[in-house]
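The values are calculated or read from the model by the stated rules, or taken from the named source; none is laboratory data. These numbers were taken from a predicted model, which means no experiment stands behind them. Glycine gets a Cβ as well: all are built from the backbone with ideal geometry, and neighbour counts include every protein chain shown.
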Amino acid sequence: MGGCGHVGLPLAIAFADRGLEVGIYDIDSHAVEVVSAGQLPFLEKDAQPMLRRALDAGTLAATTDPEIIARADNVVVVIGTPVDEHLNPNPHAVARALRSSREHFRDGQMLVLRSTVYPGVTRNVERLFADQGLDVDVAFCPERIVEGRAMEELFSLPQIVAGRSQGVRDRAAKLFGHLTGQIVELEPEEAELAKLLTNNWRYIKFAAANQFFVMANDHGLDYDKIRRALAQDYPRAADMPGAGFAAGPCLFKDTMQLAAFTDNAYVLGHSAMLVNEGLPLYVVTQLERKHDLAQMRVGILGMAFKGESDDIRSSLSYKLKRILEFRAREVVCTDPYVTVDDSLVDLETVQATSDLLIIATPHKVYAELTPTQPVVDVWNMLGNGTTV
Ligand SMILES: NC(=O)c1ccc[n+]([C@@H]2O[C@H](COP(=O)([O-])OP(=O)(O)OC[C@H]3O[C@@H](n4cnc5c(N)ncnc54)[C@H](O)[C@@H]3O)[C@@H](O)[C@H]2O)c1
């Protein structure tokens with residue numbers, strides 16, 4: 001369920017590649033059409049030839065008909081689990097999706113929750129099936145790939161499998177054993193938290209780097225130069241990230257999920273959110289100190305939430321754009337990969353017509369630029385430092 005999404009599709013392709021018979025059920029008819037035609041609805045390295053191979057071999061098929069669920073021994077749920085506009089998680093999203101397909105489930109199936117869920121959702125799903133008198137094994141096996149490298153990481157990362165009994169864990173381990181020999185067993189509540197902690201850890205690390213960047217920058221110092229120096233041949237600081245616009249569809253919302261889980265007493269998580277989400281405004285405010293922004297046309301390079309991606313979900317480039325639309329004379333945006341935003345123009349136009357450039361997404365192509373106007377480069381892609 002949700003098999004045409006960023007997580008579902010690579011997983012479906014990976015299972016099919018390992019010889020399993022895979023049926024994708026998704027409510028998005030356009031995505032189903034695209035996938036059935038052997039195309040990817042989004043960028044995912046090396047996935048397209050594997051998708052075509054699986055379609056040709058007849059081991060993979062996509063449909064909008066939930067009846068396909070009844071034919072499966074194992075049903076994997078990979079629907080989106082976003083937070084709402086008030087940053088509340090929706091612990092009912094998965095149960096609602098399952099209820100709407102209720103008549104297609106049958107005794108003896110295994111339901112694997114692969115979506116990142118609010119802690120307690122696995123227990124609720126177990127109860128849901130029990131209340132319906134259905135004997136379905138429920139497992140929670142979180143997805144931990146990074147978008148863009150799924151086809152490599154699905155076969156190389158250990159798979160966490162969780163279930164209420166050893167029997168369920170064994171069954172889930174057998175399924176994911178088709179991808180890797182490394183299986184890590186946990187209880188469902190432990191695994192739910194393990195997934196959230198993984199993303200929160202990464203989000204907090206990015207926030208630490210962004211706070212250090214702001215601190216150094218406020219004193220006229222270049223954070224990236226300092227970071228490189230302190231990390232050189234010094235293993236304990238080797239993982240200190242560079243500054244950058246850190247958001248995307250997972251890190252931010254999973255930090256907010258954990259905040260809700262701790263009754264909003266998650267000081268570190270909320271602080272990380274303020275630092276990361278505050279970076280676009282900080283950059284613009286710094287620019288206003290040096291430039292008459294209200295008279296300038298500003299070009300934003302990169303609208304995806306991360307480099308070499310076409311995914312704009314929760315991208316801070318759009319937050320930056322909104323701030324600049326209010327404070328600058330004009331804003332023009334470009335991205336070599338994003339196809340879902342008609343307002344974007346090509347890189348040459350942005351370069352030729354902007355008074356100022358901001359590299360918002362570290363797409364590799366921007367490292368080759370030799371701009372004549374001032375550039376904000378918090379990623380230090382051009383090697384000229386990060387100072388704003
Ligand atoms: N994107 C990532 O890198 C990533 C990594 C790890 C975990 N996750 C988690 O995986 C889950 C899915 O994320 P995603 O990025 O793939 O989301 P997505 O929006 O790309 O995909 C979700 C898919 O589910 C489909 N869908 C929604 N409701 C449905 C329903 N009731 N029945 C059938 N299909 C339905 C949608 O049409 C869509 O194709 C989320 O919980 C997310 O937090 C994402």
Any residue that is assigned by TED's automatic domain parsing to the domain that holds Leu111, buried (at least 22 other Cβ atoms within 10 Å of the Cβ), touching a helix residue (DSSP H, G or I) at 6+ places or on another chain (Cβ under 6 Å) and in contact (Cβ under 8 Å) with a residue 12 or more places away in the chain - is there at least one of those in the range 223-243? no
Restricting to the range 358-381, name every residue that is over 26 Å from the mean Cα position of the chain (by Cα) and not in a helix (DSSP H, G or I). Leu369, Thr370, Pro371, Thr372, Gln373, Pro374, Val375
Looking only at the range 270-326, filter to residues that are within 16 Å of the ligand (Cβ to nearest atom) and within 18 Å of Val378 (Cα to Cα); which one of those is surrounded by the most Cβ atoms within 10 Å (Cβ to Cβ)? Phe305
Scanning the range 1-24 residue by residue, those closer than 12 Å to Leu60 by Cβ and either among the aliphatic types (A, V, I, L, M) or in contact with a Pro (Cβ under 9 Å, 6 or more places away or on another chain) (or both) turn out to be Cys4, Leu9, Leu11, Ala12, Ile13, Ala14, Ala16, Leu20, Val22, Ile24
In the range 25-59, which residue that is in contact with a Leu (Cβ under 7 Å, 6 or more places away or on another chain) and hydrophobic (A, V, I, L, M, F, W, C) is farthest from the ligand (Cβ to nearest atom)? Ala54
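Considering the range 306-322 alone, what residues qualify as being of a type outside the set (Asp, Glu) and either touching a residue at least 60 places away in the same chain (Cβ under 8 Å) or within 14 Å of Leu281 (Cβ to Cβ) (or both)? Can you show your working first?
In the first step, residues of the range 306-322 are kept if they are of a type outside the set (Asp, Glu); the result is 306-307, 309, 312-322.
Across the range 306-322, the qualifying residues are Lys306, Ser309, Arg313, Ser314, Ser315, Leu316, Ser317, Tyr318, Lys319, Leu320, Lys321, Arg322.
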Go through Arg123, Arg144 for me and flag whichever is surrounded by 13 or more Cβ atoms within 10 Å (Cβ to Cβ) and more than 10 Å from the ligand (Cβ to nearest atom). Arg123
Just checking, does the range 155-172 include any residue being near the ligand (Cβ under 10 Å from one of its atoms), at pLDDT 95 or above, in the same structural domain as Gly23 (by TED's automatic domain parsing) and buried (at least 17 other Cβ atoms within 10 Å of the Cβ)? no
So Ser115 fits all but one of (1) in contact with a Leu (Cβ under 9 Å, 6 or more places away or on another chain); (2) within 13 Å of the ligand (Cβ to nearest atom); (3) closer than 15 Å to Val138 by Cα; (4) not in a helix (DSSP H, G or I); what number is the exception? (1)
